[in-house]
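Coordinate-derived values only; no laboratory data. In this text the structure is predicted, and so the values were computed from the model without any measurement. Note that we place each Cβ from the backbone using ideal geometry, even for glycine, and neighbour counts take in every protein chain shown.
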Amino acid sequence: MKKLVIAVGTLLLGAGAVMADQKLAVEQDNLMRAQGKSVYVTILKMGKGDLPYDQAAIDAALAQLETSVPTIPKVFEENPKEDVVNATYGSSPKIWQNKADFDSKVPPVIKAVADLKGKIKDQASAKMAFDTLNEKCTACHETYRLRLK
């Protein structure tokens, strides 16, 4: 009976660890998706003219980035050791192998967002803003993001 209780307890602990890893992976994925929506949907599509220019949406996208980008080092503090189920992208283990370098990629994005506030006024400036943000974001994505699909 003791062996059965120990076996069940071990299985429950293992399942709890897997669920915790998945929860952390989902939190990381959600953060990146929200930022991606601001940069690659709102700002990019308005800059290309695929969406009508909307100043309120641009301002909301920048506000979202201003709030969320500084949280990247904390949200990626721990390695979930698994990817989100059916995700297109995942986090490279390189993040936790070189956390200081990963974290150093965040301040340039924060600065770019701050520099862009109040400067996006039309389609042309939205295009320029996208180019600036994409350059800063890609500096991290090239090394620390994995394409899973």
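Quick notes
- Per-residue Cβ neighbour rank within 10 angstrom, fewest leading, Met128, Met46: Met128, Met46
- Residues Ser38, Ser104, Ser125, arranged from fewest to most other Cβ atoms within 10 angstrom of their Cβ, appear as Ser104, Ser125, Ser38.
- Summing charges over neighbours of Pro107, with a neighbour being any other residue whose Cβ is under 15 Å away from its Cβ, gives 0 when K and R count +1 and D and E count -1.
- Compared with the dominant principal axis of the Cα atoms in the chain, helix 2-36 is inclined by about 0°.
- Note on the chain: helix-only mean residue ellipticity at 222 nm, from DSSP H runs of 4+ residues weighted -39500 (n - 2.57) and normalised by residue number, equals -21500 deg cm²/dmol.
- For the chain: Kirkwood Rh in Å [reciprocal of mean 1/r, alpha carbons]: 17.0 Å
- For Leu146, residues with placed amide H under 5 Å, excluding near neighbours: Gly90, Ser91, Ser92
- Of all segments of the chain bounded by GluC sites (Glu not before Pro) found in a DSSP loop with no more than 15 other C-beta atoms within 10 Å, the longest spans 1-76.
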